[in-house]
Amino acid sequence: MSDIGDDGNRVLLLGAKPEDSLTALRDLGARVTCVATPRHAAALRKHGLVDRVLVVEDPMDAEQVLLGLARHGIGLDEFDVITSALEHGLVTAAVIGTSCGARCLPVPVAVLLRDKHAQKTALRRAGVPLARSAVFVQPEELTDAVAEVGGLPVVVKPPSGAGAQDTRALRTDDDVAVWQKEHGAGPWVCEEFVSGDELHLDGAVRDGKVVDVCVSRYFQNQITALDGALNGSVALQPAQDEARYTRARHLVQTTADTLGFTDGVFHLEAFEQADGSLVFGECAGRIAGGRIDRTVLLTRGIDLHRHWAASVLGAPAPARAEASDDDLFGWVTLNTPPGRVLSMPTLDEIRARKGVVDAELKLKVGSVMTRLQTTTTRAGRAVVRGTSAADVESVAADVAAWFQQAARSDTGS
Ligand SMILES: Nc1ncnc2c1ncn2[C@@H]1O[C@H](COP(=O)(O)OP(=O)(O)OP(=O)(O)O)[C@@H](O)[C@H]1O
Ligand SMILES: [Mg+2]
């Protein structure tokens, strides 16, 4: 990927999210054509974040993008850069970018950042500790897959899913039988179950070097979020967690080297063992969900959106912003009971709670809180601060419990 000159900032962006990333692109002087869904296109036009909006049903679909461009008389030669900030857009952007010689992620790298089994196979070869995994298609083949990874317990999941959707831990033969009854053909991935606390490592890699990383710990391993466990994390300070940071940096650098991932942002999940060593979980080439972007910025001064935009354009990595020396920050999901929301605390009420730094609501009174299907199902989120990781977790637990109890839905409470 070559650096861009003054004129190299014409970007084709697949998908209209996250907004802060679009702002960061614009701040670096990019001229952005965004391929967006009808719903997101309206919001984009209102906020004036991009130069042109092209509407297709699914901006992650290469055919729809190419047909949409042709329909509007836009040639691929009008772009210096083709990219997406979204998990499901990485491969499409790489394929289209490669087809026209634009700056983009190399296709093999995008693929390894998306397919969990291919990623694990590459990293296993490089000697990174991680779960054994097997791919199967028909539910009845699960029994062989379980044997192949060394027996129960296992985790079964889609090979390129997100948000822990359709991800299940199976501990007994009964669990296996029930799973087989309830699920259809895959492909599916069956993995050896890894114990240990789940950490996430977020930052940027530039010219092949990990330039910034923030280590965080999920309050509860993400797989339990679907059962209603506290869903959020706390970002840790290197000064208080030196050994963890050293191990984390090593794991991220090895991962980036192995995947050939030289420029971009990462969100890597790993399981911490009793001796402190890390077992690799997975690595995404995008900004993490939740409000990890905020907690990473507040705790370490790392602006993931600016890092993303700089890596997309080939601009220098941003310097770290001023960050807190003492306090720690976390984020937490806020849920109402399932059903149509009759009432819930307002943003001002959430922000007035002790330890809450900021909050956002996704649902309004009258909209429906669904069952927890992914780790991103939510009524809202809060960003919280505390004096220690344990303090952050207790503030987060308090605000989540208070919100849930204060909210009313037409079923549930
Ligand atoms: N082999 C495993 N052993 C133990 N837990 C696992 C394993 N694989 C997945 N999990 C749990 O399931 C969660 C979701 O799995 P994974 O991260 O692979 O999928 P995902 O859908 O890409 O998640 P996300 O997009 O939220 O990062 C993990 O965060 C972890 O808590
Ligand atoms: Mg994950």
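Which residue is nearest to Val279 (Cα to Cα), if the candidates are limited to the range 183-193 and must be more than 11 Å from ligand 1 (Cβ to nearest atom) and surrounded by 15 or more Cβ atoms within 10 Å (Cβ to Cβ)? Here the answer is Trp188. Does Ser413 satisfy the criteria of being modelled with pLDDT of 90 or more and either surrounded by fewer than 16 Cβ atoms within 10 Å (Cβ to Cβ) or part of a strand (DSSP E or B) (or both)? For Ser413, the condition - modelled with pLDDT of 90 or more and either surrounded by fewer than 16 Cβ atoms within 10 Å (Cβ to Cβ) or part of a strand (DSSP E or B) (or both) - is not met.
Considering only residues in the range 256-299 that are charged (D, E, K, R) and within 14 Å of Arg217 (Cβ to Cβ), the one that is nearest to ligand 2 (Cβ to nearest atom) turns out to be Glu269.
Against the test of being over 14 Å from the mean Cα position of the chain (by Cα), within 16 Å of ligand 1 (Cβ to nearest atom), more than 22 Å from Thr377 (Cα to Cα) and without any contact (Cβ under 8 Å) to a residue 40 or more places away in the chain, the options Val215, Val252, Val279 yield a single qualifying residue, Val215. Scan the range 164-182 residue by residue and report those that are hydrophobic (A, V, I, L, M, F, W, C), within 15 Å of ligand 1 (Cβ to nearest atom) and touching a strand residue (DSSP E or B) at 6+ places or on another chain (Cβ under 7 Å). Ala169, Leu170, Trp179, listed by residue number. For Gly232, state whether it is closer than 18 Å to Thr299 by Cβ, crowded, with 20+ Cβ neighbours inside 10 Å and within 15 Å of ligand 2 (Cβ to nearest atom). Considered against the rule, which asks whether it is closer than 18 Å to Thr299 by Cβ, crowded, with 20+ Cβ neighbours inside 10 Å and within 15 Å of ligand 2 (Cβ to nearest atom), Gly232 comes out as yes. Taken over the range 282-303, the criterion of being over 23 Å from Ser160 (Cα atoms), touching a residue at least 60 places away in the same chain (Cβ under 8 Å) and surrounded by 21 or more Cβ atoms within 10 Å (Cβ to Cβ) is satisfied by Thr295, Val296, Leu298, Thr299, Arg300, Ile302, Asp303. Across the range 10-56, the qualifying residues are those that are of a type in the set (S, T, N, Q) and in a helix (DSSP H, G or I), and the one among them that is surrounded by the most Cβ atoms within 10 Å (Cβ to Cβ) is Ser21.
The values are calculated or read from the model by the stated rules, or taken from the named source; none is laboratory data. Small disclaimer: the values here were computed from a predicted structure and weren't measured. Reconstructed Cβ throughout: ideal geometry from the backbone, glycine too, with neighbour counts over all protein chains shown.
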